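The values are calculated or read from the model by the stated rules, or taken from the named source; none is laboratory data. Nothing here was measured: the structure is a model prediction, and the numbers come from that model. Backbone-built Cβ (ideal geometry, glycine too); neighbour counts: all protein chains shown.
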Amino acid sequence: MSEKLSPIEAIKIQSDGLRGTLKESIDLDNHTGNVRPDDETLVKFHGMYVQDDRDRRAERAAKKLDKLYSFMIRLRIPGGVITADQWIATHEISEQYGTGTLKITTRQTVQLHGLLKHQLRPTIQSFNTAKLDSIAACGDVNRNVIVSSHPQLSSLHKEIYEYADKISTLLLPKTQSYYDVFIDGEKIYERSSEADPLYEDRYLPRKFKIAIAIPPSNDVDVFTNDIALIAIVENDKLKGFNIAIGGGLATTHGNPNTYSRLASIIGFTDTEEKTLKAVYEILTIQRDFGNRVDRKLSRMKYTVDKLTVPVFKKELETRIGFDLLPEQPFKFTERSDRFGWEKSEQGQWFYTLFIEHGVVKPEQKQFLLEVAQLQVSNFIFSGNQNLILGEVSEENKSKIEVLIAEHQINKNDSALRKNSMACVALPTCPLALAEAQRYLPELVTKIEPILEKYNLQEEGIVIRMTGCPNGCGRPYVAELGFVGTGPGQYNFMLGGDRYGERLNKLYKEKQTEAQILEEVDFILNRYNSEKESGETLGDFAYRVILDK
């Protein structure tokens, strides 16, 4: 007897192309700020999550009130680049709807939080006017395709960046339900045009992520993705891409069948046609072989391990009709963003602004609005949740510098703080077990004196925190990683490498702040006195502390 499919599978198949009863939920159900239960699943495919303010749950429950529901909207921005006009539009929309806060994500896009149900349609319509959308930014489909964000890394950045847009377009769902429900509400096409040979009517078993790295930078943590594309550049020409499969970080506390995994390189493609075909057919293999029974085991990393890498590769080569070429050599030597001004080979300037955990503070928001109004740059979101003002000419650089000085944008933040990352967690994420975004800045402040004690304040140690084991802040590839297990408690993960090519390991379970600081002091003391020349903290911890 076949196993029973996850209830989510039936919701997708019966959804009428992801429409469900979303119109009714939004237009008729005025008794609640939420949508109907099945629509909670479907709204994700349109780039939204249902959330509520968990800080106010108890208060509202005592008054017998519904939860304080709201929605998060995440945009689809392949490669993370928008125009000055689009930034102005995003700024204005965030001021009109939601909490007013803009959140830059680890996938090179922005989120708005705190939108009420009646604001969804006007918000999306406003984004649509600005030629921005949230289609497939969440849900069981391919999500925002990300690419190394520093154009000064390679003269071919624009050519490689364009792959993000091509892949995103190739893998978009065919359904027009987004426009039906949220834009015009009218059927302006034949339903037959919605036939979807890729997603069919069941879509993928779970979410799917693709990243493109441009060595020497691994700022996108490429191996944590379902598909990792590593650009191979020789003599200022793009030779093609190494392709890796099966990355993913999410685990579940207490479930030993779940685990983090870095993607495995399976070969190389030397043309755009071959690369796009391989990417497309990798998704069809996951569609056909992925686990649709247990959603905790449905990411492609489990499919790869179930089939084995050689069998997966053979199946892929059968579907694409050609053999992958051997992997090409590459080397990562950095993962952090390059803060401040840098000049590209083309003579354009790029200014990277540190945005702590992607939360654009009011003074930064005003500064960025004024920069956008100058119409002298584009806006590039990095995979590290920062923002780059790009393609600035020599003559316009001084105009931005005036605003930097006026708004006192240049802060003397520590190397540790600039290499920190946290997920949203409490109060809005329903999965969070502990704080992350609201707490990690405090923890960094308490670790900074320990670094100074051992004269390590210039070390670019990668520190990351998430409120649950899903790993949205990528803590499993940090040198110091903290994964929430309950209020004020974290699993301490140790020993990831500096450049994102090795997972860390569980060092101590359920640590309080006092215990964390004690362990960090112990580790940094040993690192300071016992490290080898040029050895990073992650490599030292892996070699010495975890080995013991």
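Once the stretch 367-384 is narrowed to residues that are of a type in the set (A, V, I, L, M) and not in a loop (DSSP other than H, G, I, E, B), the residue that is surrounded by the fewest Cβ atoms within 10 Å (Cβ to Cβ) is 374.
With the requirement that a residue be assigned to a helix (DSSP H, G or I) and touching a Lys or Arg at 6+ places or on another chain (Cβ under 9 Å), what does the stretch 434-448 give you?
As a first pass, look at the stretch 434-448 and keep what is assigned to a helix (DSSP H, G or I): 440-448.
Passing the criteria: 440, 441, 444, 445, 448.
Annotation: of all residues in the stretch 55-84 being touching an Asp or Glu at 6+ places or on another chain (Cβ under 8 Å) and in contact (Cβ under 8 Å) with a residue 40 or more places away in the chain, the one that is nearest to residue 365 (Cα to Cα) is 75.
Within the stretch 1-14, track down each residue that is farther than 14 Å from residue 204 by Cα and touching a residue at least 40 places away in the same chain (Cβ under 8 Å). Within the stretch 1-14, 3, 4 qualify. Pairs linking a residue in the stretch 85-98 that is in the same structural domain as residue 361 (by TED's automatic domain parsing) to a residue that is surrounded by fewer than 21 Cβ atoms within 10 Å (Cβ to Cβ), with Cβ atoms under 9 Å and 6 or more positions apart or on different chains, do not occur. Quick one: would you say residue 431 is surrounded by fewer than 23 Cβ atoms within 10 Å (Cβ to Cβ) and either at pLDDT below 95 or among the aliphatic types (A, V, I, L, M) (or both)? So residue 431 passes the test.
Looking at the stretch 253-275 only, could you name the residues that are in a loop (DSSP other than H, G, I, E, B) and not aliphatic (A, V, I, L, M)?
Of the residues in the stretch 253-275, the ones in a loop (DSSP other than H, G, I, E, B) are 253-260, 262-263, 270-271.
Result: 253, 254, 255, 256, 257, 258, 259, 260, 270, 271.
Scanning the stretch 143-152 for residues that are more than 17 Å from residue 109 (Cβ to Cβ) and surrounded by 23 or more Cβ atoms within 10 Å (Cβ to Cβ) yields a count of 1. Would you confirm whether or not the stretch 516-526 contains a residue that is in contact with a helix residue (DSSP H, G or I) (Cβ under 8 Å, 6 or more places away or on another chain) and part of a loop (DSSP other than H, G, I, E, B)? Within the stretch 516-526 (the criterion being in contact with a helix residue (DSSP H, G or I) (Cβ under 8 Å, 6 or more places away or on another chain) and part of a loop (DSSP other than H, G, I, E, B)), the answer is no, since none of the residues qualifies. When the stretch 409-427 is limited to residues that are among the polar types (S, T, N, Q) and in contact with a helix residue (DSSP H, G or I) (Cβ under 7 Å, 6 or more places away or on another chain), the one that is nearest to residue 72 (Cα to Cα) turns out to be 420.
The single condition among (1) within 30 Å of residue 334 (Cα to Cα); (2) hydroxyl-bearing (Ser, Thr, Tyr); (3) in contact with a helix residue (DSSP H, G or I) (Cβ under 9 Å, 6 or more places away or on another chain) that residue 155 does not satisfy is (3).
The residue that is nearest to residue 482 (Cα to Cα), counting only those in the stretch 434-449 that are surrounded by fewer than 19 Cβ atoms within 10 Å (Cβ to Cβ) and touching a residue at least 60 places away in the same chain (Cβ under 8 Å), is 441. Under the condition of being assigned to a strand (DSSP E or B) and within 25 Å of the chain's Cα centre (by Cα), the residues counted in the stretch 234-247 number 6. Exactly one residue among 250, 278 is outside any strand (DSSP E or B) and under 26 Å from residue 7 (Cα atoms), and that residue is 250. Consider the stretch 298-312 and keep the residues that are surrounded by fewer than 21 Cβ atoms within 10 Å (Cβ to Cβ) and assigned to a helix (DSSP H, G or I). The one that is nearest to the chain's Cα centre (by Cα) is 305.
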